[in-house]
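Notes follow once the structure below has been shown.
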Amino acid sequence: MKEIEKKTIGSMPDDYTIQTVAEAMKQLGDASRLRIFWLLCHFEECVSGIAEITGMTSPAVSHHLRLLKSSGLIVSKRSGKEMYYKAADNELVDFLHHAIEKVANITCPQ
Ligand SMILES: [Zn+2]
């Protein structure tokens, strides 16, 4: 076996990590979710706020937020009777955030 093959196999991520990354990327394979995720990388917002920004209905936004949250890409926080969402604080989210900007060829507004 070639040295590069041995090294690569030796650093292969475990099943849990591979699953987590695959699930996150699957969720971002939807254009609406990708847009919402990218917005939430910069500020926190509630369902109606995201609906207004994106032109989607609140039920549609809620559906996308549920999927993004269950894949660990965003987190929520209750403030009064309103729920606010923002991107999770982890390495994968940080990477995906900047990968989107790199591919879109835009500068992070932050
Ligand atoms: Zn950014």
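Structural descriptor for the stretch 3-104: relative contact order 27 percent, calculated from alpha carbon pairs under 8 angstrom and at least 6 residues apart.
Taking a straight line from the alpha carbon of LYS81, these lysines sit under 24 Å away, with near neighbours fewer than eight places off in the same chain left out: LYS69.
Summary of the geometry: the stretch 1-37 and the stretch 63-110, compared by the centres of their Cα atoms, lie 18 Å apart. Considering only ALA88, PRO59, ASN105, the residue lying farthest towards the positive end of the dipole of the stretch 52-110 is PRO59, judged by Cα position with unit charges set on Cβ. Straight-line cross-link partners of LYS102 among the aspartates and glutamates, defined as a Cα under 19 Å from its Cα and at least 8 positions apart when in the same chain: ASP30, GLU91, ASP94.
The numbers here are math on the coordinates, done by the rules we state, and not lab data. What you see is a predicted model, and the numbers here were worked out from it, not measured in a lab. Backbone-built Cβ (ideal geometry, glycine too); neighbour counts: all protein chains shown.
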